[in-house]
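S.K.: Let me begin by handing over the structure; questions about it come next.
Here, each number is a calculation from the coordinates, and none is a lab measurement. It should be emphasised that the depicted structure is a prediction, and the values quoted were computed from it without experimental measurement. Neighbour counts run over all protein chains shown; Cβ positions are idealised from the backbone, glycine included.
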Amino acid sequence: MAELTYRDAVARGIAQEMVRDPDVIFFGEDVGKPGGVFKTTVGLYEQFGGKRVRDCPISEQAILGAAMGAAMTGLKPIAEIMFSDFFAVCFDYIANEFSKSRYMSNGQLKCPLVVRTANGAGSRFGAQHSQSVENWVMMIPGLKVVAPSTPRDVIGLLAAAVRDPDPVIFFEHKSLYPTKGEVPDGEIVDRLGSANVVRPGRDATILALALMVPRAHEAAGRLKAEHGIDCEVVDVRSLVPLDTRTILESVGRTHRLFTVEENPRLCGWGAEIVSIVADEAFYDLDGPPVRITTPHIPLPAADILEDIALPTVERIVERVRRSMDS
Amino acid sequence: MAKKPARTLDAPQRGINDDIGEEKRLTMYRLQVLIRESEQRAFDLFLQNLVKGTSHLSLGQEAVAAGFAAAMQPRDLSFCTYRGHAHTLARGVPIEKVLGELMQRDNGLMRGKGGSMHLTSVEHGVMGSYAIIGAHLPIACGAALRAQYKGDGDVAVCFFGDGTTNIGAFHEALNFAVVWKLPVIFVCENNLYMEYTPIGDVTAVEHPAADRAPAYGLPRIIVDGNDADEVYRAALAAYVKARAGEGPSLIECMTYRHSGHSRADPAKYRPHGELEKWKERDPLIIYRARLKQFGVADDIIAGIDADVKRRVDEATESCKAAPPPSLDLLTADVYADGGFAWRN
């Protein structure tokens, strides 16, 4: 067991899979010799060489297209898109190509690839380098979508993604890169499609993803200490496949549901979960489900504006308390 | 400009086994007839409402597919556009599988799940037909990257139209392929029209592919895309280069489509007489003359014509008799587990 940053966990996770399987290759912009603009891939070029760790031109379409072509002919590529906002310039591959090729070809074409990307706000980068875009991809049939919140989950879910036979979009959160967590020694392999109850509780279920998990966790501590409200916090981790069993079981115990989402409000992942709960667990609920989200706005650059745009610990506490009181 | 081959229609080499040879020529002739007959049949079946959806025919462009297919090894990988019936047939995919897919029958290549624009036959090296312009150039780069990584000598070939040269993915892929010296061949079939608009009206250079090649450090190669021999020679040279580890090629084949862009297009935008002029240079007319000049007897040519026609007729009948796809295909193969489950 060692303490590791979320940032270093990325390199360890990639290295774990590259050591295991010589068909795993890794490429992206500035990922090799420079070690990544977020320093998430330091040492991989030195360890595995330029044949397996490649620096690409600023050509997101070529990066994802090449990943697809390599995957469908037998390699297991990990491709990096530097900022998830850049999905917009290579969205054809995500929305039309590697997500649909298996279906369109009646199962002939297979695309076992992983697209890693830095997602989310907190860096004061403004509207085009800060977005949480999980909902851009979770709506596309054929994709799997994960977003780890801890260093251990980074390694375990990345391993699961690389070993998965389907294309996986792997969201790393920029603001989590410097955070630390305990990571076991040796190989770590997790499972896609499993949520984690990270804090048990009796009174309400709070679902969160990525950066919102530690915030929900902190809010739950304050809700218990200051208001006597005992919240269960569930790290959703995997949007596709979605672990509805864990979510519905939790709501069945607590009878209240809150989602904490970094994405702007419309069509966020929480909306889908609320609709599932309304459909399948309506009579378990003691009150209306509540979504706590970023407003329907582009993200501002200024720190004081960005800070109030995202769900804060204070906002989560206040919203849960108000709803539970009513 | 590519060097004009020494042997042309004006310099017949009757009975001489030249660099191509009779066997290869008969193969290319058969492929061109096969594509012509199958595409014409697809059009006829569309008029009978038996081909559904859309379809983009390669009538008039047969020599490009035939010339390249004749130069390929079985392990090489083809990437096509929605105008991909010709390239799919040229790799040896059975006619009834192609027509069956166009007719959305259970015997189709993808049992009706892909349709005319997405013909795929991995066992024949047809790694998909792509309907978003430009998308498959980077994908072909990825297949070439695997071939380079494994060092097995496979080559990826990527066919596309003139219109593709104006989309970003074309330029990204060319740069990518050159920088990494990938074994990939980019083949532009310049049929003079992007869809309905003349390519020259919307392109900064005269030759939309070849004139861009020098920007990526590649030679400017233009071939007569209606002459299968010229296409074959250019293809062979590109394959030799790719297998030698010397990187990609970009080849512009000048050709002309006899029909409209898609089934909905009567192609009324073409100047009067243009089609007729190009039909004088019909790839099949050129190639029949070529075969005769090399001493191939009329009855051999007629025999190929009749055999292909019979095969297309048989394929048509078997497709007409084939059932529609089974309904359980609707949710099959979204994910690798065979289904479409997105939750537990």
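S.K.: Which ³J(HN,Hα) values in Hz, rounded to whole numbers, follow from the phi angles of region B:202-212 under the Karplus curve 6.51 cos²θ - 1.76 cosθ + 1.60, where θ = phi - 60° and Gly and Pro get x?
M.R.: With coefficients 6.51, -1.76 and 1.60, one gets 10, 10, 6, 10, 6, 9, x, 9, 4, 6, 8 Hz.
S.K.: Give me the net charge of residue A:57's neighbourhood, meaning all other residues with Cβ under 9 Å from the Cβ of residue A:57; Lys, Arg count +1, Asp, Glu -1.
M.R.: Around residue A:57, the surrounding residues sum to -3.
S.K.: If the viscosity is 1.306 mPa s and the temperature 10 °C, what translational diffusion coefficient in µm²/s does Stokes-Einstein give for region B:124-270 when Rh comes from Kirkwood over Cα pairs?
M.R.: Details: Rh = 15.6 Å.
In µm²/s, the coefficient is 102.
S.K.: For residue B:24 and residue B:122, FRET efficiency with R0 = 25 Å and r from the beta-carbon atoms, rounded to 0.05?
M.R.: 0.45
S.K.: Which FRET efficiency value, to the nearest 0.05, is calculated for residue B:73 and residue A:37 with the Förster distance at 60 angstrom and r the Cβ-Cβ distance?
M.R.: 0.90
S.K.: Continuing with the same structure: Read phi for every residue in region B:117-130 and hand back ³J(HN,Hα) as whole Hz from Karplus 6.51 cos²θ - 1.76 cosθ + 1.60, θ = phi - 60°, with x for Gly and Pro.
M.R.: Those phi angles translate into 8, 10, 3, 9, 8, 4, 5, 9, x, 8, 8, x, 10, 10 Hz.
S.K.: Hey, another quick one. Report the residue, chosen from A:135, A:106, A:263, that carries the largest GNM mean-square fluctuation when chain A is represented by alpha-carbon nodes joined by springs under 10 Å.
M.R.: For chain A, modelled as a Gaussian network with Cα springs under 10 Å, the answer is A:106.
S.K.: Further question: Could you work out the relative contact order of region A:2-183, using alpha carbon pairs under 8 angstrom and six or more residues apart, expressed as a whole percent?
M.R.: Working: 371 pairs, mean separation 51.2, N = 182.
Dividing the mean separation by the residue count of region A:2-183 yields 28 percent.
S.K.: Filter the cross-link list A:76/B:24; B:24/B:52; A:51/B:97; A:110/B:150; B:292/B:320; A:76/B:241 down to pairs whose alpha-carbon distance in this structure exceeds 29 Å.
M.R.: A:76/B:24; B:24/B:52; A:51/B:97; B:292/B:320
S.K.: Using a cut-off of 14 Å between beta-carbons, work out the net charge of the residues near residue B:206 (Lys and Arg +1, Asp and Glu -1, residue B:206 not included). Walk me through the numbers on the way to the answer.
M.R.: Numbers: positive: B:212, B:220; negative: B:162, B:201, B:211, B:252.
Charge balance in the 14 Å sphere: -2.
S.K.: Here's a follow-up. Among A:138, A:120, A:16, pick out the residue whose Cα is farthest towards the positive end of the charge dipole of region A:2-183, where Lys and Arg carry +1 and Asp and Glu carry -1 on C-beta, about the Cα centre.
M.R.: It is A:16, whose Cα lies furthest towards the positive end.
S.K.: Based on alpha-carbon positions alone, could you give the equivalent ellipsoid semi-axes of chain B from the gyration tensor, as √(5λ), descending, whole Å?
M.R.: Output for chain B: semi-axes of 29, 26, 21 Å.
S.K.: Over the Cα atoms of the protein assembly as shown, what radius of gyration and what Dmax do you get, in Å?
M.R.: Over the protein assembly as shown's Cα set, Rg and Dmax evaluate to 28.4, 99 Å.
S.K.: Using only alpha carbon positions, build the gyration tensor of region A:196-325, then give the equivalent ellipsoid semi-axes as the square roots of 5 times its eigenvalues, largest first, whole angstrom. Could the numbers behind the result be given before it?
M.R.: Values: eigenvalues 97, 61, 33 Å².
After diagonalising the Cα gyration tensor, the semi-axes are 22, 17, 13 Å.
S.K.: Further, regarding this structure: What is the sum of charges around residue A:223, taking Lys and Arg as +1, Asp and Glu as -1, for the other residues whose C-beta is under 13 Å from the C-beta of residue A:223? Don't skip to the end; give the middle numbers.
M.R.: Working: positive: A:199, A:202, A:215, A:222, A:224, A:256, A:315, A:319, A:321, A:322; negative: A:203, A:218, A:226, A:230, A:232, A:314, A:318, A:325.
Around residue A:223, the charge tally is +2.
S.K.: Mean Kyte-Doolittle of at least 1.6 plus a Cα span of 20 Å or more along the axis: flag which DSSP H helices in chain A meet both, please.
M.R.: The answer is none, since no helix passes both cut-offs.
S.K.: For n ≥ 4 DSSP H runs only, could you compute -39500 (n - 2.57) per run for chain A, divide by its residues and tell me the 222 nm figure to the nearest 500?
M.R.: -10500 deg cm²/dmol
S.K.: In whole Å, what three semi-axes, largest first, describe the equivalent ellipsoid of chain A built from its Cα gyration tensor (square root of 5 times each eigenvalue)?
M.R.: Values: eigenvalues 222, 85, 71 Å².
Semi-axes from the Cα gyration tensor: 33, 21, 19 Å.
S.K.: List the trypsin sites (Lys or Arg not before Pro) within region B:139-242 that fall in a DSSP loop (any state other than H, G, I, E or B) and whose Cβ has at most 14 other Cβ atoms within 10 Å.
M.R.: B:181
S.K.: Now for a separate question. Which helices count as membrane-span-like in chain B under these terms: full DSSP H, at least 27 Å along the axis by C-alpha, Kyte-Doolittle mean of -1.0 or more?
M.R.: Membrane-span-like by this criterion, though nothing is claimed about a membrane: B:22-47, B:298-321.
S.K.: While we're looking at this one, here's another question. Using all Cα-Cα distances in region A:179-254, what percent lands in each 10 angstrom bin from 0 up to the longest?
M.R.: 19, 45, 29, 7, 0
S.K.: While we're looking at this one, here's another question. Taking residue A:100 as the anchor, which aspartates and glutamates have their alpha carbon closer than 13 Å to its alpha carbon, excluding any fewer than eight residues away along the same chain?
M.R.: A:92, A:166, B:333
S.K.: With springs only between Cα atoms under 10 Å, which of A:68, A:82, A:104 fluctuates most in a Gaussian network model of chain A?
M.R.: A:104
S.K.: While we're here: With charges set only on the Cβ (+1 for Lys and Arg, -1 for Asp and Glu), what does the dipole of region A:196-325 come to about its Cα centre, in debye to the nearest 20?
M.R.: That gives a dipole near 140 debye.
S.K.: Still on this structure, I have one more. Given a cut-off of 23 Å, what percent of all Cα-Cα pairs of region A:2-183 lie beyond it?
M.R.: Across region A:2-183, Cα pairs with separations above 23 Å total 35 percent.
S.K.: Follow-up. Could you pull out every residue, at least 5 positions away or on a different chain, whose amide H is within less than 5 Å of the one on residue A:261? Hs are placed 1.01 Å off N in the peptide plane, and Pro or chain starts have none.
M.R.: A:292, A:293, A:294
S.K.: Additional query: What percent does the relative contact order of chain B come to when contacts are Cα pairs within less than 8 Å and at least six residues apart?
M.R.: Relative CO of chain B lands at 23 percent.
S.K.: With each label point set 7 Å from Cα along the Cα-Cβ vector, what nm distance links residue A:275 and residue B:337?
M.R.: 2.1
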